[in-house]
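What follows draws every value from the coordinates through simple rules; no lab data is involved. On a predicted model such as this, the values are computed, not experimentally measured, just so you know. Glycine also receives a Cβ, built like all others from the backbone with ideal geometry; neighbour counts cover every protein chain displayed.
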Amino acid sequence: MSDASFDPAAPLTPSGNLRRRRAFSRFAEYGATAAALAAVGVLGIVVFAVVVHGASALSLDFLFQGAPNGIGPELVGTAEIVAIGTLIAAPIGILVAVYLTEFGTGRLASWIKLTLDLMNGLPSIIVGLFVFGLIVEATHKQSGFAAAVALAIIMLPIVARGTVEILLLVPSNLREAADALGVSRWRSVLGVILPSAIGGILTSTVLAVARAAGETAPLLLLSSVYDPSRVSLNPFEALPNIPTTIFRLSEEASPEGFTQAWGAGFVLLTFIMITSIGARILLARTRSKMAQ
Amino acid sequence: MSNFDSREFSQAVAATPHRVRIQTGPLSDAGPSGGKLWEGPIEAVFDAQGVSVFYGSKQALHGVNLRIERSRITALIGPSGCGKSTFLRSLNRMNDPVPGFRLEGQVLYHGHDLYASNVDEVEVRRRIGMVFQKPNPFPKSIYDNVAWAPRNLGLKHGLDERVEKALRGAALWDEVKDRLKDSALGLSGGQQQRLCIARAIAIEPDVLLLDEPASALDPIATASIEDLMHSLKGRFTIVIVTHNMQQAARVADRTAFFGLEATAGEPSGTLIECADTETIFSDPADPRTRDYVTGRFG
């Protein structure tokens, strides 16, 4: 027995408090949409400001010459530091992820996951201080290598977490198939599991690169006393780099310095945007491939 | 085990003076059993003795005593949830990673306790291969799917011949010989499943365990898998779990019927009876088997 308080035969227009509930629901929907648009707007304003101020500084000389005309040595130095950092962080991060998804179980694994999350939230200035004590104090000089180690610490949890997520997407029946062939787990990891996840692993590495390329605090401590007029290929001395240069130029309080800082910011932002967007496209393609 | 067919069991035991003979050398066409299936005493490959399986506190299987004979096809049938797949997966230790998995009793494989502490599960699976319900080819080429395990096991000599032989053995060679480098994921479901069988036999295991290998396939692909099983008979000892009773009747020499039985209040799976397939389908000893195979329950 239904005790319907409405007339089932009435026209299907809103009745009772539906009008009020509708209005409230619409209000919430508009609020959420506005918040989302505001986030996009903030990014838009930042990008717009950087482009407006920085584009005028751009020229071939600016990209390829050293100080005072350009940021060529900084571009090379940042590339070196990030590359070394990636070479350190990526293999370790991938191995951590392999441990977490293929071997680790129980309490140790969940502790490691928690550690990765904490590492991800570690203030980069603290990482910089740590590496300063570890390497710069011991060797009595700043170096690109020290900066790379700091960036590696920042990249490691990003690579590991991203790789864990992608390895969890590898269908478990592939692991079963490999197990059932009497092949040891490590061989399965190398031969089946990592190859099927390679796109996603590359993506998390690229995202980590994008994050690390703009890190400034550790570089101020570890690789800031350099000669910006020449390219250096020796990672065991302080390497010119873009974040420190932006900081230094902004502090000069001269119009040319500001313009150059905006220009360097434009270059850095362009690099980070392109790598991030590229990584996400790659990730989407990997996911849809793995979902088949 | 009150419902176990004791006649059958004692006959089988009596017929098997060498229950703990150890297999030597790889099984191949020219192997010790080639073409002489019905002569002499039939050796047990597996001998399950009082096997009970638990997942945590839940009992999935209790008191299974089952001999699985060499070079024959044994079908495990029964309703859902009666522990057929659990039993099958216990035969090559695929249940080991399942959290809370525990096995009581003994599973003897050529006389060796599969769950003894010195047994390496990777070695177990190298000898006892498995094909799963859903085709699960690796996202590699057709050739690499078959060649991957032999390569990793150090069987690199004559790899091309080995791959061809496995694909021929799985009745897939003619369909794929011109596109061995193509991705295995481009094959149809039935072809993928035959590829998985080829992959399993490429390392020449002793036993093939098939867990409902045709349940995800259409009738035509199913028929080709069944034909394939007939052609593999004799080369391998085959244990197949199937929901499809006609399939069991068509392919199996021996059929084991699993059912649910209440022990200590909670129902868990157990072996009701095991006999020659003909006997199970025409004159089963247990009324529950009769009800199931005639479609009155299940």
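Observations on the model:
- For residues of B:194-202, the mean tally of beta carbons on other chains within 10 Å: 1
- Spin-label pair B:Asp276/B:Arg168, simplified geometry with 7 Å Cα→Cβ offset, distance in nm: 3.4
- Residue among A:Ala28, A:Ala264, A:Ala57 with the largest mean-square fluctuation in a Gaussian network model of chain A, springs linking Cα atoms under 10 Å: A:Ala28
- Degrees separating the helix A:72-98 axis from the principal Cα axis of chain A, which is the longest one: 50
- Using θ = phi - 60° in the Karplus curve 6.51 cos²θ - 1.76 cosθ + 1.60, the 3J(HN,Hα) couplings for region A:102-115 round to 9, 10, x, 9, x, 5, 4, 4, 6, 5, 5, 4, 4, 4 Hz; x is entered for Gly and Pro.
- P(r) of chain A over all Cα-Cα pairs, binned every 5 Å from zero, in whole percent: 1, 5, 9, 11, 12, 12, 11, 9, 7, 6, 5, 4, 3, 2, 1, 1, 1, 0
- Hz values of 3J(HN,Hα) by residue in region B:141-154 - Karplus curve (6.51, -1.76, 1.60), Gly and Pro given as x: 5, 4, 4, 5, 4, 6, 7, 4, 5, x, 4, 6, 8, x
- By other beta-carbon atoms within 10 Å, ranking A:Glu176, B:Glu278, A:Glu74, A:Glu251 with the fewest at the front produces A:Glu251, B:Glu278, A:Glu176, A:Glu74.
- Within region B:63-158, the ratio Rg/Rh, alpha carbon atoms throughout and Rh by Kirkwood, equals 0.99.
- Comparing A:Val192, A:Val267, A:Val164 in a Gaussian network model of chain A (Cα springs below 10 Å), the most mobile by mean-square fluctuation is A:Val192.
- Size descriptor for region B:122-204, Kirkwood hydrodynamic radius: 12.5 Å (Cα pairs only, one decimal).
- Of the cross-linked pairs B:Lys140/B:Lys181; B:Lys181/B:Lys233; B:Lys140/B:Lys177; B:Lys140/B:Lys233, those separated by over 20 Å at the C-alpha level are B:Lys181/B:Lys233; B:Lys140/B:Lys233.
- Between A:Leu95 and A:Arg20, the FRET efficiency estimated from the beta carbon spacing at R0 = 51 angstrom works out to 0.35.
- Distance between region A:201-233 and region B:64-79 - C-alpha centres, whole angstrom: 64
- Taking the average, over residues, of other Cβ atoms within 10 Å as the packing measure, peptides A:231-243, A:135-147, B:194-206 rank B:194-206, A:231-243, A:135-147 from highest down.
- Peptide B:127-139 has a mean of 4 when you count, residue by residue, the C-beta atoms of other protein chains within 10 Å of its C-beta.
- Computed from backbone phi with θ = phi - 60° and the Karplus coefficients 6.51, -1.76 and 1.60, the 3J(HN,Hα) list for region B:92-104 is 10, 6, 6, 7, 3, x, 5, x, x, 5, 8, 10, 10 Hz; x is used for glycine and proline.
- Per residue of A:193-201, other chain Cβ atoms within 10 Å of the residue Cβ number 1 on average.
- Note on region B:62-101: along the principal axes its Cα atoms extend 32, 22, 16 Å, ordered by decreasing extent.
- Least to most buried among A:Ser250, B:Ser52, A:Ser59 (fewest other Cβ within 10 Å first): A:Ser59, A:Ser250, B:Ser52
- As an equivalent ellipsoid, the protein assembly as shown spans semi-axes of 62, 33, 23 angstrom, where each value is the square root of five times an eigenvalue of the C-alpha gyration tensor, largest first.
- A:Ala253-B:Ser183 pseudo-label distance in nm [points 7 Å out on the Cα-to-Cβ vector]: 6.1
- Cα-based equivalent ellipsoid, region A:4-103: semi-axes from gyration tensor eigenvalues, Å: 56, 29, 8
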